[in-house]
Protein chains: 2
Amino acid sequence: MHSSDNLPFALARTHRKYMIQAIQLAEQAYDEGEVPVGALIVRNDRIVGKGYNQAEQLNDATAHAEMLAISAACATLSSKYLTDCSLYVTLEPCPMCAAALMWSKIDQVIFGAVDADYGACGSVFNMASNASLNHEFKVIQGIMEKECEAMLKAFFREQRDKEGKK
Amino acid sequence: MHSSDNLPFALARTHRKYMIQAIQLAEQAYDEGEVPVGALIVRNDRIVGKGYNQAEQLNDATAHAEMLAISAACATLSSKYLTDCSLYVTLEPCPMCAAALMWSKIDQVIFGAVDADYGACGSVFNMASNASLNHEFKVIQGIMEKECEAMLKAFFREQRDKEGKK
């Protein structure tokens, strides 16, 4: 796992450009009452898949932003492998999503906020580089971390306030 | 993780009844050139979701039997939680599927063959009872193990033979 602190400027700028779009997807989730996580997949500077968390609306525990983005990218590329692709996501992937990324043979994952509870790209589990698994992917963390974190905190605070009023 | 060896007869019979159907789903995958894994989800002795591995046909690395069965069951029950549900699957779930089962709050998982490479219900990882995760589910292994294993072995042998002929 690499911190975003020491990235060359041009690379940091590219990562930021896509992370802003992932944040906009997360905001869409927020506005629809979903835990605000957004994800997109890029290949050769072209977006090939997008997703935002839709677990509530789709009534489906597997409908995380990353899973939807992976399926969309696979459809776009007509391939079950996402070779040379990068996933941008506002929150560190959980074990389900990280293992899906491993299966898809993605090249790298760039995430914003750390998930200290379920993060599976180094925080709680490490599905990104695990000798037991057949594919490793690079991880860059901390791109627009504060913005990604603030949105999640605001969402959960709002949820608690709603619960408190019931 | 519990072995199926000491189950009461009536329970073993129920598990076998559903595992036979999971095997039939796996055979459908086999016939379509997919790694033969089949899964179904049962609630109150009623099948609420089915799936078989379709990663090749759907060009989607996330299209494992269990993921498709979970999404189908969530649709049937109009719920993102699979409370009081049991998943029957011919092969031990991988980390992606086991974490999806954790998110879905499934009650128990009954599997046939052990996956010594990727199994995440006790073999390589343990997503079924992990203090870091917010839900635990029961695991019963070994129902019709030999039949499930034989099908996978035959499939991979056939694949190797095809590769050898190229």
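The values are calculated or read from the model by the stated rules, or taken from the named source; none is laboratory data. Predicted model, so just to flag it, every value in this text is computed and none were measured. As a convention, Cβ positions derive from the backbone with ideal geometry for all residues, glycine included, and neighbour counts pool all protein chains shown. In case anyone asks, the SASA skips ligands and DNA or RNA and just uses the protein heavy atoms, side chains included. Shrake-Rupley method; radii C 1.70, N 1.55, O 1.52, S 1.80 Å.
Identify all residues within segment A:60-71 that are of a type in the set (Asp, Glu) and within 7 Å of chain B (Cβ to nearest Cβ); write none if there are none.
Taking segment A:60-71 as the starting set, the residues that turn out to be of a type in the set (Asp, Glu) are A:60, A:66.
If the condition is that a residue be of a type in the set (Asp, Glu) and within 7 Å of chain B (Cβ to nearest Cβ), then A:60 is the only one that fits.
Counting just the residues of segment A:11-27 that are modelled with pLDDT of 95 or more and open to solvent by 80 Å² or more (accessible area, probe 1.4 Å), which one comes out farthest from residue A:143 (Cα to Cα)?
Among those that are modelled with pLDDT of 95 or more and open to solvent by 80 Å² or more (accessible area, probe 1.4 Å), it is A:27.
To keep it simple, each residue is scored yes or no on (1) within 13 Å of chain B (Cβ to nearest Cβ); (2) closer than 19 Å to residue A:61 by Cβ; (3) outside any strand (DSSP E or B).
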position: A:73; (1), (2), (3): yes, no, yes
position: A:83; (1), (2), (3): yes, no, yes
position: A:86; (1), (2), (3): no, no, no
position: A:98; (1), (2), (3): yes, yes, yes
position: A:135; (1), (2), (3): yes, no, yes
position: A:140; (1), (2), (3): no, no, no
position: A:149; (1), (2), (3): no, no, yes
position: A:153; (1), (2), (3): no, no, yes
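Could you identify the single residue in B:101, B:91, B:87, B:133 that is over 15 Å from the mean Cα position of the chain (by Cα), among the aliphatic types (A, V, I, L, M), open to solvent by less than 60 Å² (accessible area, probe 1.4 Å) and closer than 26 Å to residue A:118 by Cα? So that I can check it myself, show each step before the final result.
Values: B:101 fails: over 15 Å from the mean Cα position of the chain (by Cα); B:91 fails: over 15 Å from the mean Cα position of the chain (by Cα); B:87 fails: over 15 Å from the mean Cα position of the chain (by Cα).
After applying the criteria, what remains is B:133.
Please state which of the following conditions residue A:57 fails to meet, knowing it meets all the rest: (1) more than 14 Å from chain B (Cβ to nearest Cβ); (2) over 22 Å from residue A:144 (Cβ atoms).
Single failed check for residue A:57: (1).
Among the residues of segment A:104-130, which ones are among the polar types (S, T, N, Q), closer than 25 Å to residue A:11 by Cβ and surrounded by fewer than 21 Cβ atoms within 10 Å (Cβ to Cβ)?
If we filter segment A:104-130 for residues that are among the polar types (S, T, N, Q), which is where we start, we get A:104, A:108, A:123, A:126, A:129-130.
Keeping just the survivors that are closer than 25 Å to residue A:11 by Cβ gives A:104, A:108, A:123, A:126, A:129.
Those that are among the polar types (S, T, N, Q), closer than 25 Å to residue A:11 by Cβ and surrounded by fewer than 21 Cβ atoms within 10 Å (Cβ to Cβ): A:108, A:123, A:126, A:129.
Got a number for residues in segment B:124-133 being more than 10 Å from every other protein chain (Cβ to nearest Cβ) and part of a loop (DSSP other than H, G, I, E, B)? Walk me through it before giving the result.
Narrowing segment B:124-133 to residues more than 10 Å from every other protein chain (Cβ to nearest Cβ): B:126, B:128-129, B:131.
From the residues that got through so far, the ones that are part of a loop (DSSP other than H, G, I, E, B) too are B:128-129, B:131.
Residues meeting the conditions: 3.
Among the residues in segment A:42-55, are any over 14 Å from residue A:128 (Cβ atoms), open to solvent by less than 10 Å² (accessible area, probe 1.4 Å) and at pLDDT below 95?
No, segment A:42-55 has no match at all.
Kindly provide the set of residues from segment B:24-62 that are within 16 Å of residue B:87 (Cβ to Cβ) and in a loop (DSSP other than H, G, I, E, B), ordered by number.
Matches in segment B:24-62: B:37, B:44, B:45, B:53.
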